[in-house]
Each structure stands twice: as C-alpha cells, then as structure tokens.
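K.L.:
Shown below is the structure under consideration.
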Amino acid sequence: MIFEGVIISSFGSGYKVASLDGEIYNCKAKGIFRARNISPCCGDRVTVETSDNSEPLITDIHPRKNEIIRPLLANLDQMVFIMSTCEPPPNLLMLDKFSAVAQYKGIDSVIVFTKTDKQAADDYVKIYQGVYPVFEVNNETGEGCDKVKEALKGKFSAFCGNSGSGKSSTINNICPELGLATAEISKSLGRGKHTTRRVDIFELDCGGYIADTPGFSTFETSKYDVIFKDELADCFPEFREYLGSCRFQDCSHTKETGCAILEAVKNGEISESRHKSYCEMYREASLIKPWEFKKR
C-alpha cells in the first residue's frame, strides 16, 4: 500500500505519520535521505509504503514551502508568538527578530499576550495591532483563548515563546485533552524552567495542527535564518507602504534626511519600539559578511 501523510512526531530514528484518513503509522525513513543529508521533520508531507513483512517506510519527502531549522519544522502557515506581560516581562526586540524571520520565510505571525490578569497588555497591543493579529488571554480563566483557537482553524501553526511565558497553559486552554506540562518561574533567574524538550504536532478538533516548540532561550534567531541588511525593511510589514518614497534610493531607514519611514515614526504611523528594533537588527546585519553565509 502507498499513501501520503504528514510527519507529526519523531522518536529516535522513527517517525509518526498521520495519513490523510487520520490513521497514525510508526515509520522508518528510507536510507537514501541520510545519504543526501536530508532530515525528515515534523510538518513534512511524505509518501509512505507499507507491506506485510516490514514496517511502513517513508519513501519520498514532498517539496517544502518553508522550513525553520531550530527546531526543525516544515510547511508552516503561521507562527504564534506567546509573550507574557510580566513574569517574565516581554522581550520586544526578540519578538521583532523572530517575527521578521517568519516574514522573511513567508510564514504569517500571530502574537498572543498572556498573564493579562496580572498586568494589562494595552501598551503592547498598541505596538503590534494593525501589523499582525494580536490577542490577549488570561490563562487562569481561559478568557481570550477561544479567539486564538479561531485563528488556528485549518492552519499548521507553531507555538513559540520564552520559557515561562504561558505557552503550554495557552495550548492546554485551547486543547484541554493534551494536558501539557507547564513551567514554573525560576525566581532567581526570572524565567521559566524548560518543559518542552522536543517538537510534537497535535491535531485540533476544529481542524488544523499546532506544534509546541522549545522555549526561545534554547535557540537564537540566527539559527532560523540570516537576513541581510538590504532585505530587512521588507520584513517589517508596516514599512512597506513607505518603501521607495525616501529621498535616497539606498536609504537605510535609520538616520537619513528625507527618509519616509523616519517621518512615519515621527508622525506616529510606525511604532517607535518597532523602529528601534529595526535599527538594532540593521546594525547587527551590517556586521554580516554575506560570503560567509550560504543562503537557503
């Protein structure tokens, strides 16, 4: 029998594949993938062959529309960034870096602010509203989680967030049957204890899949991909309508006279916080030597 499916989990050298009719199979991967330095990963659409005398074998990995490499995931529709309003406080530069990389890879971003019972998210919502879909949730009561669940319907979404941000609690409120372990906050370090060690994909009862990933502090944005300075402005959606309107064609949008983006920041049309992140990312990108990186 030959069928198509999606890898939903990996274990050792094996993989769990969900077929299109909902059956789950424990599979091995064909040895040729290792020879070609290809690693099957969660989210991959694959072809599986089965026989009476051996376990199911993944024989083909279909072309990926996108991928992230730390952790390895493929064919994402959106990344859901979970940010707590406190304990730990949100790191907006980190959020802007990750959402820019998602944009660069053609993956939509969704932002969810948690712990609104402890501190209001209004100031943070103002920064991102109109740029990305933004939600506020109270995981103590579950308030707001239904709206997040609606945004997940029919899509493959990766949940990402700093450890202790409320990522697992949010997933548990959306899918109570999963019962994921949640992290306590380390008072000495001000961050959560890691509870997600690997990537697993879960099917939603409303349609679609979600992946729970390790906390942000376990990997760096540079492990996702490298954005060169000339490509960075395109990764900030609110910049796009102003691009091409600057006085200088090679404007960096950081300090130049006649920069349309700087004028938009001055007029309150672009958030100062977002532009500050852009300037820091531009500074870091300016240090990159393009020939040292093989672009994917």
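K.L.:
Looking only at the stretch 131-163, count how many residues are among the aromatic types (F, W, Y) and closer than 30 Å to G268 by Cβ.
P.N.:
The number of residues fulfilling the criteria is 2.
K.L.:
Let me ask another. Name, by its number, the condition in (1) open to solvent by less than 40 Å² (accessible area, probe 1.4 Å); (2) within 12 Å of T170 (Cα to Cα); (3) assigned to a helix (DSSP H, G or I) that does not hold for V125.
P.N.:
(2)
K.L.:
Let me ask something else about it. Can you tell me how many residues in the stretch 30-72 are assigned to a loop (DSSP other than H, G, I, E, B), open to solvent by 60 Å² or more (accessible area, probe 1.4 Å), in contact (Cβ under 8 Å) with a residue 12 or more places away in the chain and under 30 Å from D108 (Cβ atoms)?
P.N.:
Here the count works out to 5.
K.L.:
Could you list all residues from the stretch 96-120 that are surrounded by fewer than 23 Cβ atoms within 10 Å (Cβ to Cβ), free of Cβ contacts under 8 Å to residues at least 40 places away in the same chain and hydrophobic (A, V, I, L, M, F, W, C)?
P.N.:
A120
K.L.:
F11 is checked against (1) in contact with a helix residue (DSSP H, G or I) (Cβ under 9 Å, 6 or more places away or on another chain); (2) open to solvent by 60 Å² or more (accessible area, probe 1.4 Å); (3) not small (G, A, S) and fails just one. What number does that condition carry?
P.N.:
So F11 meets the others, but not (1).
K.L.:
Contact list please: Cβ distance under 7 Å, first residue in the stretch 268-281 and more than 18 Å from V125 (Cβ to Cβ), second residue assigned to a helix (DSSP H, G or I), pairs at least six apart or on different chains.
P.N.:
Within 7 Å, the pairs are Y278/L232; E280/L93; M281/K97; M281/A100; M281/L232.
The values are calculated or read from the model by the stated rules, or taken from the named source; none is laboratory data. Given the structure is predicted, the values throughout are model-derived calculations rather than measurements. When we count neighbours, we look across all protein chains shown, and the Cβ atoms used for this are built from the backbone with ideal geometry, even at glycine. Surface areas here come from the heavy atoms of the whole protein model, side chains and all, with no ligands, DNA or RNA. Shrake-Rupley method; radii C 1.70, N 1.55, O 1.52, S 1.80 Å.
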